[in-house]
2 protein chains.
Amino acid sequence: MIGITRLLAACLWVCVCGPLLAADALPSWKDGSSRQAIVAFVDKARRPDSPDFIPVEQRIATFDNDGTLWAEQPLYFQALFVFDRIRALAPQHPDWKTTKPYRSVLNGDMKGLAAAGEKGLMELMVATHAGMTTDEFSATVSDWIATAHHPKSGKPYTSMVYQPMLELLAYLRANGFKTYVVSGGGQEFMRPWMERVYGIPPEQVIGSQGELKYEMRDTGPVLVKQAKVVLIDDNVGKPVGIQRFIGRRPVFAFGNSDGDLQMLQWTTAGTGLRFAGLVHHTDAKREWAYDRKSKIGTLDKALDEAAQKGWTVVDMAGEWKVIYPPAR
Amino acid sequence: MIGITRLLAACLWVCVCGPLLAADALPSWKDGSSRQAIVAFVDKARRPDSPDFIPVEQRIATFDNDGTLWAEQPLYFQALFVFDRIRALAPQHPDWKTTKPYRSVLNGDMKGLAAAGEKGLMELMVATHAGMTTDEFSATVSDWIATAHHPKSGKPYTSMVYQPMLELLAYLRANGFKTYVVSGGGQEFMRPWMERVYGIPPEQVIGSQGELKYEMRDTGPVLVKQAKVVLIDDNVGKPVGIQRFIGRRPVFAFGNSDGDLQMLQWTTAGTGLRFAGLVHHTDAKREWAYDRKSKIGTLDKALDEAAQKGWTVVDMAGEWKVIYPPAR
């Protein structure tokens, strides 16, 4: 028995202590204040002799997606997916040529779309999502993500994820953290590709959700997407989504906009060691530079609260050696 | 490097092969058809050389709670919790003495309660749950579960869990399965004690859910329980809950009533190796005997479908050596 115990202890040492060399774990982060804050947090959380030690089951880390793990300009990528779906489905809906807001999409009329506002976007989402089974929708998203290209960069959307954040996700997981996405984006839009791209399995993807209906068909049971929204997982909806899905308060959270403020408040209001981070889009050359006055990804109130509370604010231009993963 | 590789391989052998001796893993199960079906399933799922091998990330196992993991007679234990709360809160609500359905609870008038039906029970739940913060509610449940006793057995409720099912949960986890509860019971009612009692963490507890509201108070942010229901996680709601929370179809599911039928249909409709099980309450001596005509835990349509489809039906009286864990 001593043999096995020693073997296990040694194995535990390899598993637990092996991946912790931060210099190796975060190669795309310059040795700035953000990287130092992250490494200091993880170090305090994981050491059994640390006064701030966090038991493994409580190591919950939540990440916003749009603007935090991948880009979000000139529009949320899911909106671009919806527009592509409208164009693909248009031949079956001749009336769309003359009906708002469909007409605006088909004519590339961004002003008209902006005028239609959130209500217009919601109508487009319902028209392209509702009535599909979850399996059909998942296949549609998988096809799109494999073939579509960003209108400005010309790259596949999954090439516009942030390399330093991929490293951060892996570093946290290597240290016993369970990593979650908590996004305003649609849950069923994110799940088909996040396991492959971020290493985050479907059960750790929390997003906005529509109602589902169980139906028994001749071919077997299906779940059909309905027009009704059951959770808008943004702003005040993020702590709600976290509680509903995880049932534990995170100890670590990262966002990039005012839509993440409540998630950061909720995370840091717990007792014990906590971490709150914001990606600040300061890099007009390699990505986009925007904050307080941006229509997409507004970072205003959360930037003020971060300064007051000492949250970590990542200067993309100054702290990230690269933005996107190297082309493969 | 070879040293570490061998060490890891040896460790993996100990971790993966160690707990698989089913004779040790399921001591409370007689060597009947149910135990044989379970062991055969797990064996096929875990062996890399098996044609039915299931990759670890797809080893999702879902369990109903009431009547499957713990008892549910003479009433769902959560209803008994609600009645206890009504009695505890009555001094603050003098009008309850004369108002239905509260009066029925305070007078122990089960006929009056039955007449109030589901609507009445919902009103009682709202009166005792809504307006509390999630932290307050969790503390209330924890107090109750630690001190309350079952009206018939006189035991703490957590002593009325099924020992053979505890062994099954542990056996599945030892073989790489992720175990979930998928119950019609309230999610926030189950989470405070299931990690300790079943080894199932809060993020793997799916149940019926009320709306939550994020509020910033002087003392910090809170989530307040609202009267509105957002998911009834029973019948057709179970596949909906599974898709919403897990986003993957389970490969293994266990229930005990018609409320679990759709979960078993949804699970077995997937491709590849699948397992569907039902606990059949046949033991009037050690527990309760009921099925087709019971008001609580009706097992009728699902029993017929199990016979047609060859699902595993556990004969509690004949297949379980013990029902409850030994007193500690």
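So is A:D95 open to solvent by less than 70 Å² (accessible area, probe 1.4 Å), charged (D, E, K, R), away from chain B (no Cβ under 14 Å) and farther than 30 Å from A:M216 by Cα or not?
No.
Would you tally the residues in the stretch B:123-169 being in a helix (DSSP H, G or I) and modelled with pLDDT of 95 or more?
Residues in the stretch B:123-169 being in a helix (DSSP H, G or I) and modelled with pLDDT of 95 or more: 24 in total.
So for the stretch B:165-181 (the condition being crowded, with 21+ Cβ neighbours inside 10 Å, within 14 Å of chain A (Cβ to nearest Cβ), of a type in the set (F, W, Y) and over 14 Å from the mean Cα position of the chain (by Cα)), does at least one residue qualify?
yes
I'm told B:L278 meets every condition in (1) within 12 Å of chain A (Cβ to nearest Cβ); (2) in a strand (DSSP E or B); (3) open to solvent by less than 10 Å² (accessible area, probe 1.4 Å) except one. Can you identify the failing condition by its number?
That leaves (1) as the condition not met.
Taking B:F254 as meeting all but one of (1) open to solvent by less than 10 Å² (accessible area, probe 1.4 Å); (2) assigned to a helix (DSSP H, G or I), write down the number of the exception.
B:F254 satisfies every listed condition except (2).
Could you count how many residues in the stretch A:77-122 are within 25 Å of A:G154 (Cα to Cα), assigned to a helix (DSSP H, G or I) and free of Cβ contacts under 8 Å to residues at least 40 places away in the same chain?
So the count comes out to 14.
Conditions tested, residue by residue: (1) over 30 Å from A:W144 (Cβ atoms); (2) surrounded by fewer than 20 Cβ atoms within 10 Å (Cβ to Cβ); (3) touching a His at 6+ places or on another chain (Cβ under 6 Å).
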position	(1), (2), (3)
A:I38	yes, no, no
A:F41	yes, no, no
A:A45	yes, no, no
A:D49	yes, yes, no
A:D52	yes, yes, no
A:E57	yes, yes, no
A:F63	no, no, no
A:D66	no, no, no
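Evaluate the stretch B:120-130: report whether one residue or more is β-branched (V, I, T) and facing chain A (nearest Cβ under 9 Å).
No, the stretch B:120-130 contains no residue that is β-branched (V, I, T) and facing chain A (nearest Cβ under 9 Å).
Residues checked against (1) aromatic (F, W, Y); (2) outside any loop (DSSP other than H, G, I, E, B); (3) under 21 Å from the mean Cα position of the chain (by Cα):
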site	(1), (2), (3)
B:E287	no, no, yes
B:S294	no, no, yes
B:L299	no, no, yes
B:A307	no, yes, no
B:V313	no, yes, yes
B:A317	no, yes, yes
B:V322	no, no, yes
B:P326	no, no, yes
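Within the stretch B:191-246, can you find the residues that are open to solvent by less than 30 Å² (accessible area, probe 1.4 Å), within 7 Å of chain A (Cβ to nearest Cβ) and in a loop (DSSP other than H, G, I, E, B)?
Listed by number, the residues that qualify are B:P201, B:I246.
From the set of residues in the stretch B:123-137 that are in contact (Cβ under 8 Å) with a residue 12 or more places away in the chain and open to solvent by 30 Å² or more (accessible area, probe 1.4 Å), which is nearest to A:R248 (Cα to Cα)?
If we take residues in the stretch B:123-137 being in contact (Cβ under 8 Å) with a residue 12 or more places away in the chain and open to solvent by 30 Å² or more (accessible area, probe 1.4 Å), then B:D135 is nearest to A:R248 (Cα to Cα).
Does at least one position in the stretch B:139-159 carry a residue that is over 20 Å from B:M190 (Cα atoms), away from chain A (no Cβ under 14 Å) and of a type outside the set (D, E, K, R)?
Yes: one or more hits.
Please state which one of B:T147, B:T140 is farther than 23 Å from B:N256 by Cβ and either touching a strand residue (DSSP E or B) at 6+ places or on another chain (Cβ under 6 Å) or open to solvent by 40 Å² or more (accessible area, probe 1.4 Å) (or both).
Of B:T147, B:T140, the one residue that is farther than 23 Å from B:N256 by Cβ and either touching a strand residue (DSSP E or B) at 6+ places or on another chain (Cβ under 6 Å) or open to solvent by 40 Å² or more (accessible area, probe 1.4 Å) (or both) is B:T147.
Quick check: anything in the stretch B:74-82 more than 30 Å from A:R249 (Cβ to Cβ), surrounded by fewer than 21 Cβ atoms within 10 Å (Cβ to Cβ) and at pLDDT 90 or above?
yes
Of the residues A:Q209, A:Q243, A:Q226, which single one is at negative phi, free of Cβ contacts under 8 Å to residues at least 12 places away in the same chain and of a type outside the set (D, E)?
A:Q243
Among the residues of the stretch B:289-305, is there at least one that is of a type in the set (A, V, I, L, M, F, W, C) and open to solvent by less than 20 Å² (accessible area, probe 1.4 Å)?
Scanning the stretch B:289-305, I find at least one residue that is of a type in the set (A, V, I, L, M, F, W, C) and open to solvent by less than 20 Å² (accessible area, probe 1.4 Å), so the answer is yes.
The values are calculated or read from the model by the stated rules, or taken from the named source; none is laboratory data. Just so it is clear, the model here is predicted, and its values are computed rather than measured. All Cβ positions, glycine included, derive from the backbone under ideal geometry; neighbour counts span all protein chains shown. Side chains included, ligands, DNA and RNA excluded: accessible areas come from the protein's heavy atoms. Shrake-Rupley method; radii C 1.70, N 1.55, O 1.52, S 1.80 Å.
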